[in-house]
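The values are calculated or read from the model by the stated rules, or taken from the named source; none is laboratory data. Predicted model only: the values in this text are computed from it and were never measured. Ligands, DNA and RNA are stripped out before the accessible areas are found, and what is left, the full protein with its side chains, is counted by its heavy atoms. Shrake-Rupley method; radii C 1.70, N 1.55, O 1.52, S 1.80 Å.
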Amino acid sequence: MLRFIEMKGKRFSHFVSKARKTCEQIIATISFTREYEDFGTAESRWQNLRKIIESAQEEVNADGITIINDIPEDCEIYADPVIRKVFTTLLENAIRHGETITKIHCFCTKDENQLIITCQDDGVGVPDDEKRYIFGLRYGKHTGIGLFLAKEILSITGLSIRECGEPGKEARFEIIVPENEYRFLSESEKK
């Protein structure tokens with residue numbers, strides 16, 4: 001009889017734990033979606049990319065992780081103002097899921113007629129078999145909407161995102177910005 005009561009206690013404890021985790025997930029989802037209320041309501045405009053990432057850094061608790069922002073000071077992108085949340089999501093995901101992460105590096109490169117903005121970390125990376133799912137709705141270990149919304153925010157102004165890191169070594173998110181959606185002020189001032 002005592003064994004039966006112990007088993008019921010463990011089972012009850014399991015259900016309470018599961019219910020608590022579900023409640024925490026619901027609260028996190030509500031909080032997360034509240035931040036996106038203005039998504040798509042403001043007009044896209046030219047924004048300083050370095051400052052966007054600096055603002056995103058202020059929103060996350062890096063907890064000893066070094067964040068390197070090597071975006072040139074004169075780089076601007078034409079995007080919805082809520083794009084800052086894309087970078088907040090990328091930083092938060094790196095911190096939350098990187099496990100062995102010590103640094104996050106943000107930089108950009110020109111490739112033909114486009115700009116590639118890279119957020120790369122030195123954590124455990126994304127397993128190959130998960131890469132095609134990570135931008136899907138409800139996929140992941142937290143709210144399941146962060147990378148999905150990031151992809152949607154970027155698509156409003158014709159930007160796209162992909163993950164091309166090496167599993168076990170790094171996560172590497174690349175945001176592709178088409179030719180007319182970015183500029184370097186020093187170059188445009190020369191014209």
Length gained if Arg162 through Asp63 is fully extended, taking 0.36 nm per residue and subtracting the Cα-Cα distance, is 33.0 nm
Which of Glu179, Glu76, Glu59, Glu92 is most accessible, then next, and so on - probe 1.4 Å
Glu179, Glu59, Glu92, Glu76
